[in-house]
Amino acid sequence: MKLEDHYFTLFERWGPAFSDVYIRDIADSLYCSERHAKTIIHRLQEKRWLTWQASTGRGKASKLTFLLNKDQVYEEIIRDYIKGGDVSKALLYMEEAPLQQSLIDWVEAQFKWTPSTHQAEGLDILSYPHYYPISTLNPMHTTSRHEGHIADHVFNRLLRFDQESMSFQYELAHAYNMEMSGRRWTFYLRKGIMFHDHTRLTAGVIKENIELWKEDWAVGWFQSVLQAIETIELVTEHTITFHLDRPIYLFPHLFAGTKANILPVASYLKDKQTFNRQPIGTGPYKIAEHRDGYLLLHVNQDYFGLRAQLDQIELYQIPKKDRVGHKQVRYRIIQDDTKHTVHYDWFDTEIGGTYLVVNRNKPGIHCHPEFPEMLSLALDREELFSHHPHYKVWYPDSFFKRPVEPLRQRPNKENARQWFKGNGFDGKTLTLTSTCLSHNAHLGYEMERIKQALEPLGLIIETKIVDINELTNKDQMNQTDLIIAAGGMGEDRLMSFLYVLKNDKSFIYSTLPKDVQSYVDVQIEDIVTSTSSEEAYQKLRVLECFLMDQHHIIYLYDRKTHLHIEVDERLQGVTINRYNRLQYDKLWYKN
């Protein structure tokens with residue numbers, strides 16, 4: 001039996017203050033000998049959970065005084081385990097214990113760096129409470145920024161696209177070339193790259209990934225490009241050539257998106273469910289352990305790039321703690337012996353946005369051709385969201401273009417009021433649905449603000465929150481008139497927005513009228529024929545402007561971000577990635 005269980009047994013019988021107790025009664029309660037009972041009392045005294053004043057005469061009762069209640073004992077155990085670096089055991093107690101706010105606040109501040117000089121294994125370890133619920137770490141299906149952040153440390157792509165220089169950077173590939181005016185593309189893989197399961201990266205694996213993309217996730221532009229591949233030639237073990245049925249000058253973009261991270265297909269197909277939780281990649285870190293609320297990453301000793309200096313990352317979730325957004329994210333990573341700290345601040349705006357769409361494929365009064373525009377006029381974005389409780393926001397005129405002008409969709413509440421009153425909407429009920437991600441991230445606040453804004457116009461808004469995967473089902477779509485959703489762009493904004501446009505989880509394309517869907521298909525195909533990334537961006541911007549001018553997308557706001565990090569001055573390489581998370585493979589400790 002655990003020591004705390006002995007304490008709780010005694011506390012339940014003789015607590016909460018002090019009692020006169022015979023050692024034989026303690027032994028009976030603990031189902032042990034008197035000698036062992038004395039040992040347990042001695043250990044509890046050492047923990048300073050109680051005091052024991054032994055009697056001076058035979059046959060006299062001793063005085064037992066309890067110093068902590070049950071909650072306080074749990075809190076002390078949790079603190080001791082976290083201070084000692086045993087987060088896994090601390091989590092077991094946090095699941096069981098009623099957590100007080102003071103303890104939650106303390107645990108949230110425990111960004112613990114254990115330098116290699118401070119423990120026997122000689123490892124640099126970062127442990128902190130920054131685990132969010134995860135649906136999958138399979139890069140083909142990640143949806144939240146937390147999932148994407150972890151996947152970025154586990155996987156690699158052939159290429160990355162640099163937005164500022166509008167050029168490609170090599171990753172798993174070290175070169176590529178185009179021939180036959182964009183109809184033949186050859187990629188050259190780095191040699192000696194191993195997956196975390198010690199299987200080799202070859203041209204054949206790249207071909208297997210291409211076939212998997214066709215079946216699994218490719219939509220819109222991606223599907224069009226994949227269908228244009230006539231044959232895939234495995235020239236050598238590390239050289240692969242794609243023969244296309246038409247010129248596609250944007251072909252390298254296919255390999256630069258986050259969904260194009262390369263995985264060992266055979267391992268994935270063998271056990272998809274396990275792979276989604278503990279995926280296998282080629283990245284600087286590999287998944288060592290993953291269970292609900294706890295994730296352990298180990299450095300990849302065989303990484304083809306520069307080996308990361310941080311050996312382990314341990315992420316955990318505080319049980320029973322609701323996750324909400326914050327206007328400012330703060331990290332504090334210090335040690336018991338910290339003498340000086342350094343402060344870092346990052347101010348930025350996210351690339352993406354929160355938006356409304358009208359479900360024109362469900363019959364109803366909301367299908368009036370002027371309804372989307374009037375709905376947009378009724379919503380004063382600054383009035384509704386400038387005092388957002390979780391984020392600072394702004395109102396750009398694009399999901400992906402930066403810098404950009406202010407939002408073109410301006411409010412005119414009086415015009416909207418007159419139109420709704422004159423077109424029979426008074427007293428009509430509409431259903432507004434918010435998407436919900438795996439970590440209970442939804443747009444409930446936004447729904448309530450929109451509901452309040454539309455009530456003076458006579459509209460009755462019923463709101464509901466639905467899991468983003470369930471909402472794609474036809475039955476769910478047939479039950480909602482309006483959908484509020486949010487999306488972020490990846491490093492390759494061109495490919496990201498093209499994917500968002502056609503992805504069923506964005507609810508943009510799927511809610512468009514059929515004739516508009518056909519128009520969008522034609523425009524996307526035209527973008528595919530662009531002879532450069534710059535030309536494709538210009539065409540994509542024209543398509544985005546059309547969707548916003550026609551109010552097929554009612555843009556609401558985008559988030560501003562402020563990340564503040566205070567660290568021990570010995571912690572070096574402090575940088576953040578596009579997810580506003582720590583870049584683990586850059587961190588190192590200056591002993």
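Cα gyration tensor of region 3-68, axes a ≥ b ≥ c as square roots of the eigenvalues: rounded (a/c below 1.5), prolate (a/b > b/c) or oblate? If you can, show how the numbers build up before the last one.
On the way: a/c = 1.43, a/b = 1.18, b/c = 1.21.
The shape class here is rounded.
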Completion exercise
Rounded to the nearest 10 degrees, the helix 70-83 long axis (Cα) sits at an angle to the longest Cα principal axis of the chain of 70
Problem - Those residues of region 23-51 whose amide nitrogen sits under 14 Å from the label point placed on ARG79, 7 Å along Cα→Cβ - result: 47-49
Exercise for the section: Sticking to Cα atoms, compute the Rg of region 156-262 to one decimal and its Dmax as the biggest Cα-Cα distance, whole number, in Å. Expected result: 13.2, 39
Practice task
Taking each pair of different alpha-carbon atoms in region 393-484 once, compute 1/r for the pair, average those values, and report the inverse of that mean as the Kirkwood hydrodynamic radius in Å to one decimal.
Solution key: 15.2
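Considering only the other residues whose Cβ falls under 12 Å of the Cβ of HIS153, what net charge follows from Lys and Arg at +1 and Asp and Glu at -1? Kindly include the intermediate steps, with their values, before the conclusion.
Details: positive: LYS286, ARG581, LYS586; negative: GLU147, ASP152, ASP585.
Net charge around HIS153: 0.
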Problem - Antiparallel DSSP beta bridges within the chain, as percent of all bridges there, nearest 5 - result: 75
Handout entry: Total charge dipole magnitude, the chain, about the Cα centre, Cβ charges on Lys, Arg, Asp, Glu only, Debye to nearest 20
Key = 960
Fill in the blank from the handout: The size of the Cβ-based charge dipole (Lys, Arg +1; Asp, Glu -1) of region 156-262 about the Cα centre, to the nearest 20 debye, is 160
Completion exercise
Length gained, ALA175-ARG330, 0.36 nm per residue minus C-alpha separation, equals 51.8 nm
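Could you tell me what fraction of 2.2 N^0.38 Å the Cα radius of gyration of region 512-591 comes to, as a two-decimal ratio? Please list the in-between numbers first.
Working: Rg = 21.2 Å, N = 80, 2.2 N^0.38 = 11.6 Å.
Ratio of Rg to 2.2 N^0.38 Å for region 512-591: 1.82.
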Fill in the blank from the handout: Carbon/sulfur accessible area of the chain, % of total, 1.4 Å probe, equals 47
Problem - Principal semi-axes in Å for the chain [√(5λ), Cα gyration tensor, largest first] - result: 52, 34, 21
Exercise for the section: Using Cα centres only, tell me the gap between region 43-85 and region 171-225 in whole Å. Expected result: 63
Handout entry: Top positive-direction residue, dipole computed over region 337-482 with Cβ charges, set HIS343, LEU471, ALA378
Key = ALA378
Exercise for the section: Determine the distance separating the Cα centre of region 462-538 from the Cα centre of region 366-443; give it in Å without decimals. Expected result: 18
Practice task
Only bridges with both residues in region 349-560 count here: give the DSSP antiparallel percent, nearest 5.
Solution key: 60
Handout entry: Packing-based order for 550-557, 17-24, using average beta carbon neighbours within 10 Å, highest first
Key = 550-557, 17-24
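Taking the Cβ of TYR519 as the centre, find all other residues whose Cβ is under 14 Å away and add up their charges (Lys, Arg: +1; Asp, Glu: -1). Write down the numbers at each step before the final one.
Numbers: positive: ARG360, LYS502, LYS514, LYS539; negative: ASP515, ASP521, GLU525, ASP526, GLU544, ASP549.
With Lys, Arg at +1 and Asp, Glu at -1, the net is -2.
The values are calculated or read from the model by the stated rules, or taken from the named source; none is laboratory data. As the structure is a prediction and not an experimental result, all values here were calculated from the model. For neighbour counting, all protein chains shown are included, and Cβ atoms are generated from backbone atoms with ideal geometry for every residue, glycine included. Keep in mind that these areas ignore ligands, DNA and RNA; they rest on the heavy atoms of the full protein, side chains included. Shrake-Rupley method; radii C 1.70, N 1.55, O 1.52, S 1.80 Å.
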